[in-house]
Structures are given as C-alpha cells and as structure tokens.
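Read through the structure below, which is laid out as structure tokens, and then see the notes.
The values are calculated or read from the model by the stated rules, or taken from the named source; none is laboratory data. If you're wondering where the values come from, they're calculated on a predicted model, not measured in any experiment. When we count neighbours, we look across all protein chains shown, and the Cβ atoms used for this are built from the backbone with ideal geometry, even at glycine. Remember, those area values only see protein heavy atoms, side chains included, never the ligands or the DNA or RNA. Shrake-Rupley method; radii C 1.70, N 1.55, O 1.52, S 1.80 Å.
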Amino acid sequence: MRNVHFLSIFIIVLLAGCKSTYLARENRLMTYTINSDLPEDTAIVNYYSPFKKTMEGEMNRQIGISEKFLNKSRSEPEFLIGNFFADALLEIGKKIDPAVEISFSTKGGIRSELKQGAVTVGSMFELMPFENTITLLDISGSDLLVLADFIANTGGQPIGGFTMKIKDNQVITIRLNGKAIDPAKSYKLVTYDYLANGGDNVKGLSTPLKRINTSILVREGLINYVEQLTKENKKINTQLDGRISIIQ
C-alpha cells in the first residue's frame, strides 16, 4: 500500500490595471490510498497493450543457440560469459577497424549469464541493459601495461586478443600474438564509452592517442554478432582458454 499526498492550492486572481497578482488563499493536505483495490483503467490498458505485445514479440525473437550455460563469476579471473562478451566486442571492433587487436570489459559491466539453448534479443538486453556505445581507443604500450596492472589488481577482467598470468595481484606475463608489450608502440583496443570515460575506476584508458566514439550500442553489436554466427550455421560455443590465469 502506498499513500500519495496532493497539495491543493486555491488561488484568487486580483486584477489591478494591467497586472495580475496571485495569492494563496488556502492550503489543504489530502491523502489518497493507492492499492490493488483500485479498479483497472481499461482505457490505459487498451492503449499500451499493442505496444507491449510488439515489444514482447521482439524480446522473445530467437537469434541464436548456445551450446552450454555461460556462467558469470566475480571471483574467477576467467569465466564463460566474460570470454563470450570480450570475444564479441573484439569482433565488433574489427568490423569497424580491422586493425583492432584487443578488447576489454569489466566483470561489473556484464549483468547476466546466458542459458543453454535458445538465445533471444531479450537475452542480450539482460546481458547489457545500459545505453553504452562501442568505443575504439589507440593507446600506448605503457598505458596498456597500466591497464594490465588494473586487471591484475582486480583479480582478472574480461579480455580478448591477449593473455595474462597473474600472481599476488601482480602481472607476471602479458602476451599479444605471442609477443611482450612494447611500451613505445601503440595498440588498438575496443571497449565501450563508460569504461573509456573512467567508469569502474579503470586505469590506463584516460589518455588515449586517439579515440573513436561510435553510435553503436553494445547490445546492438551483441545481437548482430550472434545473428552472424547463426547465418554461418554456428552456435555459441565459448570455452575457457586460459587467457587469464592466476599462479598460486
């Protein structure tokens, strides 16, 4: 049950020449109770029902199939939905610029897991419900190492295109195409605007050599990615591949 208070103000209009003066004559507090006993307003229901039906039809539209349950983890350095998300980001980035080499997200940015079986548009909305957009960054090798330190200090984050080994929250090794990171080189990275703007306290992305802001919503990119897999007669078959590992 919820009580809503309305303040009724009665106004007297006094005309003096060409000017109008408004004076509060009376203030009265009235309380209305809103609960399930109130009758349904059929006019409002009839108005929104067609929109609701259309939206539900789109959300339930199947776009692909996942061969397995893709789990989410806050404690593991690598997990299935994180790898799926990072791999999808990397493919989205490469379609914009084929020179994109790596992708980066955070555990907190991935909002759901993915069930085994049918993958729907709604599944992608649950995975990324925010209005975040794809962002490409050219960053120096030295900043990439700062990002790697952030990833290590936070116990691993979803990444694509490179590998890391971590011990005691410190980077032991980081490899891109089998090579160490050169601090003097630049690297092309794909992420999304929230992280590129410093969200989740991310380090290493604040001073890019170049930044490209796109209008592509992350979830739109994910939907297109899964639809493309389906067109190629492929299912989502994400694996744990050791891209991030913690050495005990």
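Roll a 1.4 Å probe over the protein chains and send me the accessible area per residue for the chain in Å².
59 Å²
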Between SER73 and ASP149, what is 0.36 nm times their sequence separation minus the Cα-Cα distance? Round to one decimal in nm. 25.4 nm
Between 0 and 90 degrees, rounded to the nearest ten: what's the tilt of helix 80-96 against the longest Cα principal axis of the chain? 90 degrees
By its C-alpha gyration tensor, with a ≥ b ≥ c as the square roots of the eigenvalues, how is the range 130-196 shaped: rounded for a/c under 1.5, else prolate for a/b larger than b/c, else oblate? oblate
Rounded to the nearest 0.05, what FRET efficiency do ILE247 and SER186 have when you use their Cβ-Cβ distance and R0 = 30 Å? 0.55
How far, in degrees from 0 to 90, does helix 141-153 lean away from the longest principal axis of the Cα atoms of the chain, to the nearest 10? 70 degrees
Against the globular-protein guess of 2.2 N^0.38 Å, express the Cα radius of gyration of the range 157-248 as a ratio, rounded to two decimals. 1.30
From zero outward in steps of 5 Å, how is the percent of C-alpha pairs of the range 28-67 spread across the bins? 5, 15, 13, 12, 13, 12, 9, 7, 7, 3, 1, 1, 0
Measuring from label point to label point, each 7 Å out along Cα→Cβ, what is the LYS52 to ASP168 span in nm? 5.9 nm
What is the Cα coordinate range of the range 182-233 on the first, second and third principal axes, sorted by size from largest, in whole angstrom? 41, 25, 18
Gain on full stretching of the segment that runs from LYS235 to ASN201 - 0.36 nm per residue minus C-alpha separation: 8.8 nm
List the pairs from LYS115/LYS235; LYS95/LYS203; LYS72/LYS188; LYS94/LYS115; LYS188/LYS231 whose alpha-carbon separation is above 18 Å, in the order I gave them. LYS95/LYS203; LYS72/LYS188; LYS94/LYS115; LYS188/LYS231
With N set to the residue count of the range 29-106, report its C-alpha Rg divided by 2.2 N^0.38 Å to two decimal places. 1.96
Taking 0.36 nm per residue of sequence separation and subtracting the Cα-Cα distance, how much length would be gained by fully extending the chain between ILE212 and SER142, in nm to one decimal? 23.2 nm
Amide H to amide H, which residues 5 or more places from THR173 or on other chains are under 5 Å from it, using H placed in the peptide plane? LYS165
Whole number please: convex hull volume per residue, Cα atoms of the range 105-227, in Å³. 118 Å³
Hey, any idea what % of the range 65-168's accessible area is carbon plus sulfur with a 1.4 Å probe? 50 percent
Got a sec? Charge dipole of the chain, +1 on Cβ for Lys and Arg, -1 for Asp and Glu; which of ALA184, ILE247, ALA43 is way out at the positive end? ALA184
Report the Cα centroid-to-centroid distance between the range 178-248 and the range 66-105 in angstrom, as an integer. 7 Å
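Between ARG61 and GLU40, what FRET efficiency comes out of the Förster formula 1/(1 + (r/R0)^6) with R0 = 35 Å and r the beta carbon distance, rounded to 0.05? Walk me through the intermediate numbers first.
Working: r = 29 Å, r/R0 = 0.83.
For R0 = 35 Å, the calculated efficiency reads 0.75.
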Over 10 Å intervals from 0, what percent of Cα-Cα pairs in the chain sits in each interval? 7, 24, 25, 14, 10, 10, 7, 3, 0
